[in-house]
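Chemist: Once you've had a glance at the structure underneath, I'll fire off some questions.
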């Protein structure tokens with residue numbers, strides 16, 4: 001089992017053991033991510049970041065991970081400046097980029113672009129989000145956050161809250177949590193539930209899943225509240241959006257009945273789903289979650305580019 | 001009125017046990033217009049079948065199906081059997097069977113999938129489930145269980 005030279009397009013590309021290896025390695029990378037230890041694990045390596053869609057967190061956390069470990073990167077951050085504007089196919093762009101650097105990190109608006117890039121490239125490709133499709137490094141950092149807080153992933157009761165239909169991160173996260181034997185509680189506004197196909201796959205995996213649309217009922221015995229953004233653009237009627245968004249708001253009053261150890265997670269950016277007053281409580285894990293993106297990406301890059309875990 | 005029977009063919013393919021009403025779709029897959037102009041194509045609709053109740057049958061002279069066409073038939077007519085006839089004898093008979101990966105047969109239903117953009121790539125699906133058939137796009141991972149309107 002080695003990740004050296006491999007692509008990471010979907011969380012399905014990794015076995016449970018490989019995910020555990022990434023998480024162990026990420027834990028060792030934390031001091032490097034904090035800057036308390038100087039790293040050179042990626043010394044001499046050049047990573048191409050090809051971002052054909054706007055992204056702040058993901059791109060900067062990759063750049064931070066690379067530079068803190070002594071590697072270098074070249075970045076396409078503005079798709080309008082790239083040759084794809086002139087009609088070049090993604091296939092050709094990637095083929096060319098793969099001859100420049102040692103690995104490619106790709107963010108692209110079309111689902112499946114990561115897989116296509118992996119075929120076109122003879123260097124490893126890491127998918128940093130393909131449209132509404134896969135975003136495996138987000139799933140890994142979500143798992144890292146849960147693992148850090150609870151020391152394990154199995155047996156956790158995780159409430160997935162909000163837009164479970166279009167939310168990119170939720171489907172792969174639900175899959176990964178099912179692999180680790182977590183219990184899932186789905187809580188979504190009408191019409192924004194988990195797609196039937198995703199649900200039936202989770203059922204096939206033997207995942208323990210229940211549904212509950214009243215948040216206050218699930219907060220009491222949950223270990224994790226994973227909140228996603230409810231996207232305004234999915235609603236025809238703005239009043240309907242306001243109603244739904246209001247009923248899915250996490251605030252201190254709601255958290256009063258929660259377990260002391262419950263953590264609230266969110267892939268960010270949040271747009272009102274979590275009241276700012278929650279930030280000051282011990283439940284708030286979303287900024288830690290965003291930080292853990294750096295050590296997780298350090299671990300991945302190190303394992304893929306050098307085969308070494310830390 | 002003179003009775004027309006479906007006569008035996010010397011060389012060609014018989015696709016039997018096609019689900020009731022699907023023969024015309026099978027003909028589309030075969031591509032009748034591509035056939036030798038002297039070939040006979042016989043179609044039997046709504047025929048009694050011990051195996052599946054009612055069935056359709058398609059007989060095509062002087063043609064053997066490509067694996068791609070067999071895969072497409074397997075998707076829309078999973079109960080079909082294919083017999084290869086050479087010199088009036090059945091030389092080979094088999095049920096249609098899907099390979100684990102199917103290339104270029106079905107279009108991905110996801111309009112935002114990279115295979116539906118102008119990229120030099122063929123659609124590709126893994127068989128996620130066999131009965132009933134569900135395919136998963138190798139690229140965008142979208143699941144597909146309706147194929148009739150999506151044949152490439």
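Bear in mind these aren't lab numbers, they're just calculated from the coordinates by the rules spelled out. Model, not experiment: these values are computed from the prediction. Positions of Cβ are generated from backbone atoms using ideal geometry, with glycine treated the same way; all protein chains shown enter the neighbour counts.
Chemist: Can you work out the FRET efficiency for the pair residue B:151 and residue A:217, with r the C-beta to C-beta distance and R0 = 51 Å, to the nearest 0.05?
Modeler: Here the calculated transfer efficiency is 0.65.
Chemist: Can you work out the FRET efficiency for the pair residue B:20 and residue B:117, with r the C-beta to C-beta distance and R0 = 25 Å, to the nearest 0.05?
Modeler: Result of the calculation: an efficiency of 0.10.
Chemist: Relative contact order for chain A using alpha-carbon pairs under 8 Å, separation at least 6, rounded to a whole percent?
Modeler: RCO, chain A: 22 percent.
Chemist: Here is a follow-up. Expressed as an acute angle from 0 to 90° and rounded to the nearest 10, what is the orientation of the C-alpha long axis of helix A:238-247 relative to the principal long axis of chain A?
Modeler: Around 80 degrees separate the two axes.
Chemist: How high is the relative contact order of chain B? Use alpha-carbon pairs under 8 Å, at least six apart in sequence, and give a whole percent.
Modeler: With pairs under 8 Å counted, the relative contact order is 22 percent.
Chemist: Given R₀ = 51 Å, FRET efficiency for residue B:37-residue A:252 by Cβ-Cβ distance, to 0.05?
Modeler: Efficiency for this residue pair is about 0.05.
Chemist: Still on this structure, please answer the following. Mean separation of Cα pairs under 8 Å and 6+ residues apart, divided by the residue count of the range B:101-150: what relative contact order is that in percent?
Modeler: 35 percent
Chemist: In addition: Contour minus end-to-end for residue A:271 and residue A:46, with contour as 0.36 nm per residue of separation and end-to-end as the Cα-Cα distance?
Modeler: Stretched fully, the residue A:271-residue A:46 segment lengthens by 77.5 nm.
Chemist: Any chance you could give the angle, 0 to 90 degrees and rounded to 10, that helix A:286-306 forms with the longest Cα principal axis of chain A?
Modeler: 30 degrees
Chemist: Sticking with this one: Cα axis of helix B:67-76 to longest principal axis of chain B: angle in degrees, 0 to 90, nearest 10?
Modeler: With rounding to tens, the tilt is 90 degrees.
Chemist: Another question, if that's okay. Measure off 7 Å from each Cα along the Cα-to-Cβ vector at residue A:260 and residue A:166, then give the distance between these two points in nanometres to one decimal.
Modeler: 4.1 nm
Chemist: Follow-up question, since we're still on this one. Put a dot 7 Å past each Cα toward the Cβ at residue A:4 and residue A:196; how far apart are the dots in nm?
Modeler: 4.7 nm
Chemist: Based on DSSP, what percent of beta bridges with both residues in chain A are antiparallel, to the nearest 5?
Modeler: Given both bridge residues lie in chain A, the antiparallel proportion sits at roughly 0 percent.
Chemist: Which length gain, in nm to one decimal place, applies between residue A:20 and residue A:122 when the Cα-Cα distance is subtracted from 0.36 nm times their residue separation?
Modeler: Between residue A:20 and residue A:122, full extension yields an extra 34.1 nm.
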